[in-house]
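Nothing in this text is a laboratory measurement; each read-out follows from the coordinates by a stated rule. Keep in mind it's a predicted model, so treat the numbers as computed, not measured. Cβ coordinates were reconstructed from backbone atoms using ideal geometry, including for glycine residues, and neighbour counts include every protein chain displayed.
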Amino acid sequence: MMSESKDFLRTIVEEDLKSGKNREIITRFPPEPNGFPHIGHAKSICINFGIASDYQGHCNLRMDDTNPTKEDTKYVEALKDAVQWLGFDWGNKVYFTSDYFPKIYDYAKELIKMDKAYVDSLTEEEIREYRGTVTESGKRSKYAKRTIQENLDLFERMKKGEFKDGEHVLRARIDMSAANMKMRDPLLYRIRHAHHFRAGDEWSIYPMYDFAHCLSDYIEGISHSICTLEFENNRDIYNWVLDTLGLELPRPYQYEFARLNINYTVMSKRKLLELVNSGQVSGWDDPRLPTLAGYRRRGYTPESIVNFCDQIGIAKANSMVDVSQLEFCIRDDLNKKVPRVLCVLDPLKVTIENYEGSEEIDASYYPHDVPKEGNRAIPFSREIYIESDDFMENPPKGYYRLTLEQPVRLRHGYIITCKEVIKDADGNIIEIKATYNPESKSGSDSSGIKVKSAIQWVSAAAAKTIEVRLYDRLFKDEAPEGIEDINPDSLQVIKNALIEPAVITEKPDERFQFERQGYFYADPIDYTDEKPVFNKIVGLKDSWAKKTKATENAPKVQAKKVHIDGEVTAMNEAQKVLFDKYTGEFGLNSEVANTLARDEDLSSFYEASLSVLNSPVGLANIVTNEVARELKQMQVSELKFTAKQIAELVKMVDDETISNKIAKQLFEEMVKTGENPTQIVEEKGLVQISDPAKIEPIIDEIIAKNPDNVAKFKAGNTKLLGFFVGQALKATGGKANPKVVNSLVADKLK
RNA sequence: UGGGGUGUGGCCAAGCGGUAAGGCACUGGUUUUUGGUACCAGUAUUCAGGGGUUCGAAUCCCUUCACCCCAUCCA
């Protein structure tokens, strides 16, 4: 299950289970079948199916198919496929919003009968105008005055198909001047004479998302309706519909999380579509795309994607995850699963002059640290190929591979030494003449030669030619806008790579690690026995490349963001008078005086308490800091405690009956119950302990129990003072006088 | 500009008044016949900025700033 810390959604779910709000957790994954699923969908799938399974509930796969002009059955297949591929189970059926059209229609009639919905006949442009803007309120359509009977009749005829598209719509009667634009009489139904891929031609009206979604959730008994952040404003409609209809509890509630963004790619359906349609990529399953079909074709495993989704967490902050996180996940998964084989991408011929004949070398498919069995024979002969990069005439410092002076081991084979470099007319190296040491064979090496590395190679005679497709990030920009940011080198095709024969003849797997290079996948579509094709899934980490390019990646000194301070709104005359009185007469600091003076509720509460107890500073502090918090959430009249009680509380602090810490606890209590603070103190015995003699033994005990922290403290970690004070306070139930504890602890640890 | 959200290292992200979790990335080191893996170590005197309350603030209060979403008969 999950690791130590829960995300906010699981926290909510657990609370709801605990409080009895829900007995069962039912979620849903509700895509619109109008595009191919991408890794952002995977995140949503993992959240919805993951939460359901964590709490022994279930998750419905539901197609949100309310717009007949955009949706298609091929997308529902792709969506089903994606969920299944990721390893989740949607039970025995796929749900469709279109199956609920009759019920949703009935609910609409309910609303009309309650006079909470009306048929509007404004044009599209008029509706837009009437809606107003974010700063100006809108105005209601004249058609909103129609009678219930008229509305019922019109709605019925809309359904029957008596009107043309756009002639009428059904709207909720909410509030045309709502600050939330979504609540300005949202549309519930529109006329659409279109063929629906499932419902056929039965309907000529279709419900809007805001109306259909909450009802579909309700119909299915969803407990937690989890969607992305852009629907936050729609939550009000969601609640309005369910509440107004007075539906039986439990009903679903909506929660939102931030959608996934990954750098160097795009995630919106629109931009993805643009890439496919413009031919920038080969199709929806192009391995460079963040579509699930793309990752799958590239060779990513579902496990790696699910793991990635788990790792990135769930929160509400818009963020952009680094691709390296995804790359880590696929490497991590494949590392423990796939066979290692030898492949040469850019071959350089090596003739081993002192070798005659041929032999087969037995080699394991897996390295010592991967607990899997399996091996194959690698043919070896006089003529072999190595990677061009693995030989250098003038190597830089730290180069471990073959050079004129430096021998190298052929992986699983012998150590060779370079004798001669053959070049063409242009000076390009075309062949190496080398010798091998017969005593150096891997596993039975008695040569005593030390080499710095082992390189991949293939026998010239036995190697198979394969096509290898190397993929790089699709965009050169971290946050690409569009096609203009495309990386022109995102695809490199190597037609004549050479691979050891067992990979082709034995087919031990579909995914391989080509040693020292990366993970590769036999392309599920283009691969044939005559012409094998492999896709590069991801490269191995390459600390050599990193070193050689260190200068490029190293310096990125970021300028600290300059912070601009805005202007504070000026106080009006009355506020100024108060402010002067507070700072002058009462001796409050300007910040507290400022807060009080600007808020009428606060200042009158303050003055009321002040008339009971003459402790201007103490009262001001608690009113500004504690009472203010409560007043953010409710009216003065709703407060359970009174100004007089606050005065009582402050009095006890003033005469040191209680500490500030206890005062806060008391305040919390008063907020909830409205009980008198003196009474609570009496009942619970919260009088502060200031006698050092009583506190000392407690501190001694804590010091004895935490020798590590004592040592750290004495070594200079003074932050730990808080730890000791905290422990002491905890031990006394908060009653110890923190000032006394503080000085005592400081003393003892000196 | 009205409303709704969000700001914690290079990138994600815990934390909700008492020692700034964890992962990725990065830097050293050990192991290694993959410059891989694994393992060990290092990396935030500080939580968007500024004030305030408190013995003690990333957490509470005030204030400023930045970014995202909302004016589709899309979802």
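Overview of results
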{"read-out": "Links that overshoot a 21 Å alpha carbon limit, given the list A:664/A:739; A:476/A:536; A:74/A:164; A:336/A:541; A:372/A:464; A:576/A:651", "value": "A:74/A:164; A:372/A:464; A:576/A:651"}
{"read-out": "Unpaired by the 4.7 Å Cβ criterion, cysteines found in chain A", "value": "A:59, A:214, A:227, A:329, A:343, A:418"}
{"read-out": "Cα shape, the stretch A:622-694, gyration tensor, a/c 1.5 rule", "value": "prolate"}
{"read-out": "Under-5 Å amide H pairs with residue A:28, H placed in peptide plane, nonlocal only", "value": "A:60, A:226"}
{"read-out": "³J(HN,Hα), Karplus 6.51/-1.76/1.60, whole Hz, each residue of the stretch A:276-291, x for Gly, Pro", "value": "5, 5, 7, x, 5, 10, 7, x, 5, 9, 4, x, 8, 7, x, 6"}
{"read-out": "Long-range amide H partners of residue A:538 with built H, under 5 Å", "value": "A:519"}
{"read-out": "The stretch A:109-188-the stretch A:275-308 distance, computed between alpha-carbon centres (Å)", "value": "43"}
{"read-out": "Ascending count of other beta-carbon atoms within 10 Å, so fewest first, for A:442, A:44, A:223", "value": "A:442, A:44, A:223"}
{"read-out": "Size of electric dipole in chain A: Cβ of Lys, Arg +1 and of Asp, Glu -1, about Cα centre, debye, nearest 20", "value": "680"}
{"read-out": "Of A:103/A:182; A:80/A:103; A:694/A:730; A:103/A:159; A:640/A:730; A:495/A:549, pairs whose Cα-Cα distance is over 19 Å", "value": "A:103/A:182; A:80/A:103; A:640/A:730; A:495/A:549"}
{"read-out": "Burial order of peptide ranges A:47-59, A:269-281 (average beta-carbon count within 10 Å, highest first)", "value": "A:47-59, A:269-281"}
{"read-out": "Which of A:215, A:692, A:731, positive extreme of dipole for chain A (C-beta unit charges)", "value": "A:692"}
{"read-out": "Overall form of the stretch A:633-737 per C-alpha gyration tensor (a/c, 1.5; a/b vs b/c)", "value": "prolate"}
{"read-out": "Cα lying deepest toward the dipole's positive end in the stretch A:108-243, options A:168, A:242, A:226, charges on Cβ", "value": "A:168"}
{"read-out": "Proximal aspartates and glutamates to residue A:269, defined as alpha-carbon separation beneath 12 angstrom and excluding residues fewer than eight positions away on the same chain", "value": "A:32"}
{"read-out": "For the stretch A:131-139, Karplus couplings with θ = phi - 60° (6.51, -1.76, 1.60), whole Hz, Gly/Pro x", "value": "6, x, 10, 5, 9, 10, 6, x, 10"}
{"read-out": "Per-residue [θ]222 nm for chain A (sum of -39500 (n - 2.57) over DSSP H runs n ≥ 4, rounded to 500)", "value": "-10500 deg cm²/dmol"}
{"read-out": "The stretch A:631-655 and the stretch A:37-56: distance between their alpha carbon centers, rounded to Å", "value": "46"}
{"read-out": "Rounded, prolate or oblate (a/c below 1.5 giving rounded, otherwise prolate when a/b exceeds b/c) for chain A by Cα gyration tensor", "value": "oblate"}
{"read-out": "³J(HN,Hα) computed for each position of the stretch A:426-433 - Karplus, 6.51 cos²θ - 1.76 cosθ + 1.60, integer Hz, glycine/proline x", "value": "8, x, 7, 6, 10, 7, 10, 9"}
{"read-out": "Fewest-first sequence of A:181, A:63, A:158 by Cβ atoms within 10 Å of each Cβ", "value": "A:181, A:158, A:63"}
